[in-house]
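In what follows, a structure is listed as structure tokens, so that the remarks can point back to it.
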Amino acid sequence: MRVIVTKGGGWCYAELPVELGQIIELRGFRGDPNLLRFGYVQEIEGKIEERHCDGCGKDFTEDSYNNHRRRARHDLDGPVEVTSPQLKRPATPVKIDRDPDKDADWPLEPEGAPPVPKLEEESPGGTRIRMGGG
């Protein structure tokens with residue numbers, strides 16, 4: 001049974017993404033009656049104007065085909081040539097320094113960072129504050 005997709009929004013049929021206004025053939029899956037019942041697809045009644053997209057191979061209603069061509073941009077599937085004069089200058093390569101500390105002025109300890117000093121060592125007359133928990 002051929003149907004028109006009436007609800008878009010990123011769902012798939014037979015592992016293929018469908019679009020609003022696309023015409024698909026139901027394949028007799030167990031969930032096909034639910035697609036009709038919940039309004040995801042509508043049975044085609046009478047004759048309708050169909051358009052076939054050569055870019056993706058999908059069939060659409062006349063109105064939906066024009067929207068599809070605006071959104072899909074099949075003309076951009078191949079390599080894109082930049083013609084803007086602002087973008088014609090050569091790209092500057094970016095150098096990434098994997099070891100930013102190699103030229104540092106401080107020696108790094110081979111065993112790692114030094115231990116954190118205790119409060120009593122930093123401020124012998126300091127006051128310890130307890131935050132909740134007893």
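The values are calculated or read from the model by the stated rules, or taken from the named source; none is laboratory data. What you see is a predicted model, and the numbers here were worked out from it, not measured in a lab. Methodologically, a virtual Cβ is constructed for each residue, glycine included, from the backbone with ideal geometry; neighbour enumeration extends over all protein chains shown.
Points to keep in mind about this one:
- Hey, residue 36 at pLDDT below 80, surrounded by 10 or more Cβ atoms within 10 Å (Cβ to Cβ) and not β-branched (Val, Ile, Thr) or not: no
- Among all positions in the stretch 61-71, there is no residue which is in contact (Cβ under 8 Å) with a residue 24 or more places away in the chain, of a type in the set (Asp, Glu) and assigned to a strand (DSSP E or B).
- Matching residues, the stretch 21-30, being out of contact with any helix residue (DSSP H, G or I) (no Cβ under 6 Å at 6 or more places or on another chain) and farther than 20 Å from residue 65 by Cβ: 27, 28, 29, 30
- Hey, residue 81 in a loop (DSSP other than H, G, I, E, B) and either modelled with pLDDT of 85 or more or surrounded by 12 or more Cβ atoms within 10 Å (Cβ to Cβ) (or both) or not: no
- Selection count where residues are charged (D, E, K, R) and either loosely packed, with under 15 Cβ neighbours inside 10 Å or in a strand (DSSP E or B) (or both), scope the stretch 8-33: 4
- Every residue from the stretch 39-72 that is of a type in the set (A, V, I, L, M), at pLDDT below 90 and surrounded by 14 or more Cβ atoms within 10 Å (Cβ to Cβ): 72
Every residue, every condition in (1) β-branched (Val, Ile, Thr); (2) farther than 22 Å from residue 69 by Cβ; (3) in contact with a strand residue (DSSP E or B) (Cβ under 6 Å, 6 or more places away or on another chain), yes or no:
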residue: 8; (1), (2), (3): no, no, no
residue: 19; (1), (2), (3): no, no, no
residue: 32; (1), (2), (3): no, yes, no
residue: 39; (1), (2), (3): no, yes, no
residue: 51; (1), (2), (3): no, no, yes
